[in-house]
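Written out below as structure tokens is the structure these notes cover.
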Amino acid sequence: MTSLRWVAVVAHKDLRIEFRAGGRVVAMIALAVLACFLFAFALDRSQVSARHVAASLTWLTVLFAATAGAGRAFDTEEEDGAFRHLLLTPIPRHAIFLGKTAANLVLIWMVTLLTFIALTAFLGLRDPGSLTHHGAVFLPGTIGLAATGTFFGLVSRHSSLGDTILPALTFPLLVPVIFFGATASARVFMERPWPEISGSVRLLWAFALGFTAVGCVLFRYVAEE
Amino acid sequence: METQNARLAGLIMTAAGVATILFVHWMVVFWVPTEAVQGIVQRIFYVHVPAAWTTFLAFGMVALASAAYLWLEDERADSAAVAAAEGGLIFGAIMLTSGPLWGRIAWGTYWTWEPRLTLTLLLWFTYLGYFLIRGSVADPRKGKRFAAVVAIVGSLNIPLIHVSVTWFRSLHPQPVVIKPEGPTLHPDMLVTLLTSLAGFTMLFLGLFFLRYSIELLSRRPRSGEVQRASEVLT
């Protein structure tokens, strides 16, 4: 089997477990939508324009929901020792990492989509800008979130500090994603032309591909039993 | 023997580092000329820049020692990584404290979210995470491995910090020493800076060797444990 096939097998397995049980994805979506709901109340819209803050709120909501989900990405397998058995299979470590990242990515996309819809609805944004441009910004950004979250999700799983340590490890690394992601999304919300957005998107791609490559190389050191 | 050598090297270098830094303070107060634009506050430069250099040296050493630990699983590499990481956090704290004091006068604000400051603060937090993960994993071997991985990932930030002043719009001054056309500092300022760099580097290496020797000692089996192990074996 090629590595790509192994990646698909691991991702398919994770997604099937996830959609059968449904706990993690429901919790992530509930967190995201409720956060949007609270933001709508917390903002004084007579002072702050919704269009100016929509990008930041979307990215922060997706970040918190993705982090909460990543902390639980290995729970089911760790609890009944299935992860150890997964490591005993001939699947290369980098394919396990990529497969789990791909499964996480699907969940993060669902959360991102619902966050986007919820925020535009709750903040009353009638014209949020080009949806294609929003997709082009969120694609590399969410890949970066998924790769970082998956990698450190396994690390935090072994820590006695549990989910508390995951933000401490990931947030410093994810600042470029949030910075360039929010900058690019803000310009899409403001309906700026693509050349003003593409620079940030290129940097998001650089981070996403860079961290995925680093994760592939180092995952075998965190996934050893 | 290795422990004793490390301790001796640590004591000598710490003493040399402290003496050099005291001499640098004399140079900064009585000898070096005052910078024309910023005035007397620019003298923080002779503490801030060497502290920054030492921080990056320390975190670079942590990353190299961590890579060696992952590759060879040699406890000495992990001991070196811990010793360097502690030094990096301390000198990083000096850098992150002296910078805002200088910035308050030079820029009119203690802190600004410009690229070099932001990335440096994030680097410092990443290495704080190094100790958090190390101390919070029940299996010490796993803790060391996870910490080594965090150190390697965090070190990818170091070259980005170096180039950030040229890549992005930044309030931070452009390099004045490492430039293609050579240093553009006044010769007396350059001498003071290089002396301070030597002093900070020696102090860091001295503290590093002392901490490394303590770390090696703490990993030796205690006499009671050796006795119990020999009883079990016999």
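The values are calculated or read from the model by the stated rules, or taken from the named source; none is laboratory data. Just so it is clear, the model here is predicted, and its values are computed rather than measured. Please note: Cβ atoms are built from the backbone with ideal geometry, for glycine as well, and neighbour counts cover all protein chains shown.
Here are a few things to note about the model shown:
- Verdict on B:V137 being over 15 Å from the mean Cα position of the chain (by Cα) and either modelled with pLDDT under 80 or among the acidic types (D, E) (or both): no
- A residue that is hydroxyl-bearing (S, T, Y), at negative phi and assigned to a helix (DSSP H, G or I) occurs somewhere in the range B:68-85.
- Count - residues of the range A:52-81 that are closer than 13 Å to A:T112 by Cβ, crowded, with 22+ Cβ neighbours inside 10 Å and either hydroxyl-bearing (S, T, Y) or within 12 Å of the chain's Cα centre (by Cα) (or both): 8
- A:T89, sole failed condition from (1) farther than 21 Å from A:W109 by Cα; (2) surrounded by 19 or more Cβ atoms within 10 Å (Cβ to Cβ); (3) of a type in the set (S, T, Y): (2)
Residue-by-condition table, conditions (1) aliphatic (A, V, I, L, M); (2) touching a strand residue (DSSP E or B) at 6+ places or on another chain (Cβ under 6 Å); (3) over 21 Å from A:T2 (Cα atoms):
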position: A:A73; (1), (2), (3): yes, no, yes
position: A:R84; (1), (2), (3): no, no, yes
position: A:P92; (1), (2), (3): no, no, no
position: A:K100; (1), (2), (3): no, no, no
position: A:L107; (1), (2), (3): yes, no, yes
position: A:V111; (1), (2), (3): yes, no, yes
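- Filtering the range A:111-135 to residues that are under 19 Å from A:H52 (Cβ atoms) and surrounded by fewer than 18 Cβ atoms within 10 Å (Cβ to Cβ) leaves A:A121, A:G124, A:L125, A:R126, A:D127, A:S130.
- Search result, residues across the range B:64-74 that are buried (at least 21 other Cβ atoms within 10 Å of the Cβ) and small (G, A, S): B:A65, B:S66
- Residue match in the range B:150-161 (condition: exposed (fewer than 15 other Cβ atoms within 10 Å of the Cβ) and either modelled with pLDDT under 75 or within 8 Å of another protein chain (Cβ to nearest Cβ) (or both)): no
- Residues of the range A:160-191 classified as away from chain B (no Cβ under 13 Å) and within 13 Å of A:A136 (Cβ to Cβ), total: 5
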